[in-house]
Amino acid sequence: MVALDPRINPFRPEIAAKYLQGQVEAACFVEGARHEVVEPIAGLWRTPSHEARLDTQALLGECVIVYETTDEGWAWGQIETDGYVGWLSANALGKTGRAPTHKVSVPRTLGFPGPDIKLPPAVALPMGARLAIVRQDERFAVTANGWHLPAVHLAPIKARLPDFVAVAEEFLHAPYLWGGKTSLGIDCSGLVQVALQAAGHACPRDSDMQEMALGKLSSLGELRRGDLVFWKGHVAIARDGETLLHANAHAMAVAIEPATDAIARIKAAGCDVTSVKRI
């Protein structure tokens, strides 16, 4: 059998997706059930524990195919958007509802219980959260459950922002969080994924997947805005020929630094640039 990546293929020794039967070994194979993320941000964990490693996050309105739900309240499944597999709190998932019509197009927005910004917010939503808007109320877009969101903070679900680098720049100074993909905390590949998705590009979750799947090979000598610079386990976005934007543990934030400084610093830690890819 060809070895499949368990990060994006739902199989464990105990259980696997029915469609993988014949490709992997497992005690049983099951059809998945489609659920929707009902919390603003839902962690996806390596194992069913809040103390486990956070691998990524699913956002409101995304769909997850669930293959197992435990008595302890954990769901094991696969995020439809990027195919990532892991454990989520079952409380973060609900029945699929209306198809989303809009998505949040700014790093963070607030939803109010009525058409008045002086009301206490009912929810805070990250970029990429998906919403079914049922009507307009003056400057607000209104969801079926009554959230009133500033219409200017939303875009149609199929809208594409023109410059993914500009999207990434909106996250400048956001804290670094392994597995994060929101302005409350984000990692290097999460920043690339969120920015590219906002611009209408499909993007894998992890930096090694991105290096394999995205763009065409280029070089540091020809670095230009929008190029992706890869190291083992890390990725940065070129803002221009001289500077990089990346979420990194050195600054513990999304930061801008001269490309030569970043490359030298990371090389001193034992990692050379492995490729430059042009989107």
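Quick notes on this one:
- Tabulated pairs, region 153-178, first more than 25 Å from V123 (Cβ to Cβ), second assigned to a helix (DSSP H, G or I) and of a type in the set (A, V, I, L, M, F, W, C), C-beta under 6 angstrom, 6+ apart or interchain: F164/A195; F164/L196
- R160 being in a strand (DSSP E or B) and basic (K, R): no
- Residues located in region 167-195, provided they are aromatic (F, W, Y) and assigned to a loop (DSSP other than H, G, I, E, B): F171, W178
- Where a residue in region 260-272 is closer than 17 Å to R239 by Cβ and of a type outside the set (D, E) and its partner, wherever it lies, is open to solvent by 60 Å² or more (accessible area, probe 1.4 Å) and part of a helix (DSSP H, G or I), with Cβ under 8 Å and at least six apart: I263/L220
- Considering (1) among the hydrophobic types (A, V, I, L, M, F, W, C); (2) over 22 Å from K267 (Cβ atoms); (3) under 18 Å from the mean Cα position of the chain (by Cα); (4) part of a helix (DSSP H, G or I), the lone condition that A155 does not fulfil carries the number (4).
- Hey, T96 open to solvent by 20 Å² or more (accessible area, probe 1.4 Å), over 24 Å from W178 (Cα atoms) and part of a loop (DSSP other than H, G, I, E, B) or not: yes
- Complete set of residues in region 128-144 that are at pLDDT 95 or above and either outside any strand (DSSP E or B) or surrounded by 13 or more Cβ atoms within 10 Å (Cβ to Cβ) (or both): G128, A129, R130, L131, A132, I133, V134, R139, F140, A141, V142, T143
- In region 216-244, the residues that are assigned to a loop (DSSP other than H, G, I, E, B) reach residues that are of a type in the set (V, I, T) and open to solvent by 30 Å² or more (accessible area, probe 1.4 Å) with C-beta atoms within less than 7 angstrom, at least six apart or across chains, in these pairs: G226/I279; K232/T274; R239/I256.
- Members of region 1-37 that are under 30 Å from P121 (Cβ atoms) and either buried (at least 16 other Cβ atoms within 10 Å of the Cβ) or in contact with a Phe, Trp or Tyr (Cβ under 9 Å, 6 or more places away or on another chain) (or both): H35, E36, V37
The values are calculated or read from the model by the stated rules, or taken from the named source; none is laboratory data. Source: prediction; values computed, not measured. Quick reminder, even Gly has a Cβ in these numbers, built from the backbone with ideal geometry, and neighbours come from all protein chains shown. Quick note on the areas: whole protein, heavy atoms, side chains included, nothing else; ligands and nucleic acids left out. Shrake-Rupley method; radii C 1.70, N 1.55, O 1.52, S 1.80 Å.
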